[in-house]
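These notes concern the structure reproduced below.
Read the figures in this text as sums done on the coordinates, not as results from a lab. Nothing here was measured: the structure is a model prediction, and the numbers come from that model. Please note: Cβ atoms are built from the backbone with ideal geometry, for glycine as well, and neighbour counts cover all protein chains shown.
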Amino acid sequence: MNKTRLEAFSDGVLAIIITIMILEIKVPEGHEFADLKPLIPKFLSYILSFIYVGIYWNNHHYLLHGLSKVNGKVLWSNLHLLFWLSLIPVSTGWMGEHNFAKASMALYGIILLLCAISYVILQYVIMCSEGEDSVLRKALNRDVKGKVSAVLYIIGIASSFYNEWISGAAYFIVAMLWLIPDKRIERAFYSND
């Protein structure tokens, strides 16, 4: 199978995820700026989730750039990632609707952690399918940001039951770590040319 079909499907799913998230923010009843105040938590949760989906879209693009052939394992690993990403709108909506309540913050962190784990699985499957000499394997030999992210997700999940601000800060820090795309893959491909 050509990887462009996989890329197109993934891009479509991510676009739908973003669309679902924005449709959760309803137009206020009134016509004054004060009527926008109840939307602030929803909008903040949307912004954070939009950043996360954008980060996955961007890094997914780089990840698939290193893929020369698509097999069943790659397809299922990619679907596994898309499954967890598709749950982001639910946790985003719940978090925004209930002003970042403890349980909603915990669920949000759990889903983000499972997205990260599924992304690592997809990376591993692609590296295995490309062989020992794959450019991707060389580029991703040390994944400090990935390990730090996992620790921060766990801190965010655990702290959500005690202090939502610490939880939110952990998730925000992870987003900021990844806001700039992972250049290791890009550098590895350019150095190979």
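How large is the convex hull of the C-alpha atoms of region 41-128 per residue, in Å³? Please report the intermediate quantities before stating the final value.
On the way: hull volume 5.8 nm³, N = 88.
Measuring per residue, one finds 66 Å³ for the Cα hull of region 41-128.
Under the rule a/c < 1.5 gives rounded, and otherwise a/b versus b/c splits prolate from oblate, where does region 94-153 land using the Cα gyration tensor? Write out the running numbers ahead of the final one.
Numbers: a/c = 4.95, a/b = 2.85, b/c = 1.74.
In terms of gyration-tensor shape, prolate.
Taking only DSSP H segments of four or more residues, each worth -39500 (n - 2.57), what value at 222 nm results for the chain once the sum is divided by all its residues, to the nearest 500 deg cm²/dmol?
Values: 9 runs with 148 residues, N = 193.
That calculation yields -25500 deg cm²/dmol at 222 nm.
Within region 78-117, whose backbone N sits under 20 Å from a point 7 Å along Cα→Cβ of F172?
What the label zone holds, given the 20 Å backbone N cut-off, is 91-113.
In percent, what relative contact order does the chain have, based on Cα pairs under 8 Å that are 6 or more apart in sequence?
Working: 204 pairs, mean separation 49.4, N = 193.
26 percent.
Let me check I've understood the local charge: for P28, count other residues with C-beta under 15 angstrom from its C-beta, Lys and Arg +1, Asp and Glu -1. What total comes out?
Details: positive: K26, K37, K42; negative: E24, E29, E32, D35, E97.
Neighbourhood net charge equals -2.
If you line up the Cα atoms of region 72-177 on their principal axes, what length do they span on each, largest first, in Å?
Projected onto its principal axes, the Cα set of region 72-177 covers 47, 26, 18 Å.
Quick one, what does Rg over Rh come out to for the chain if you take C-alpha atoms and the Kirkwood Rh?
Rounded to two decimals, Rg/Rh equals 1.02.
Could you go through region 127-134 in sequence order and give the Karplus-derived ³J(HN,Hα) for each residue, using 6.51 cos²θ - 1.76 cosθ + 1.60 with θ = phi - 60°, rounded to whole Hz, and x for Gly and Pro?
4, 5, 6, 8, x, 4, 9, 5
With a sphere of radius 15 Å drawn around the Cβ of V53, what net charge do the other residues whose Cβ falls strictly inside it have (Lys, Arg +1; Asp, Glu -1)? Could you put the intermediate results ahead of the total?
Details: positive: none; negative: D11, E24.
With Lys, Arg at +1 and Asp, Glu at -1, the neighbours total -2.
Each residue of region 57-71 in order: what ³J(HN,Hα) in whole Hz does its phi give by Karplus 6.51 cos²θ - 1.76 cosθ + 1.60, θ = phi - 60°, with x for Gly and Pro?
Going residue by residue, I get 4, 5, 5, 4, 4, 5, 4, 6, 4, x, 9, 9, 9, 10, 10 Hz, with x marking Gly and Pro.
May I ask you to evaluate 6.51 cos²θ - 1.76 cosθ + 1.60, the Karplus curve with θ = phi - 60°, for each residue of region 107-115 and list the ³J(HN,Hα) values in order in whole Hz, giving x for glycine and proline?
Values per residue, Gly and Pro as x: 4, 4, x, 4, 5, 4, 5, 5, 4 Hz.
Between T19 and N59, what is the label-to-label distance in nm when each label sits 7 Å out along the Cα-to-Cβ direction?
Between T19 and N59, the simple spin-label model gives 2.6 nm.
On a straight-distance basis, which lysines could pair with K42 in a cross-link, Cα separation under 20 angstrom, same-chain partners fewer than 8 positions away excluded?
K26, K102
By the scheme Lys and Arg +1, Asp and Glu -1, what is the net charge of all other residues having a beta-carbon under 14 Å from that of D11? Present the calculation step by step, with values, prior to reporting the outcome.
Working: positive: K3, R5; negative: E7.
Charge balance near D11 sits at +1.
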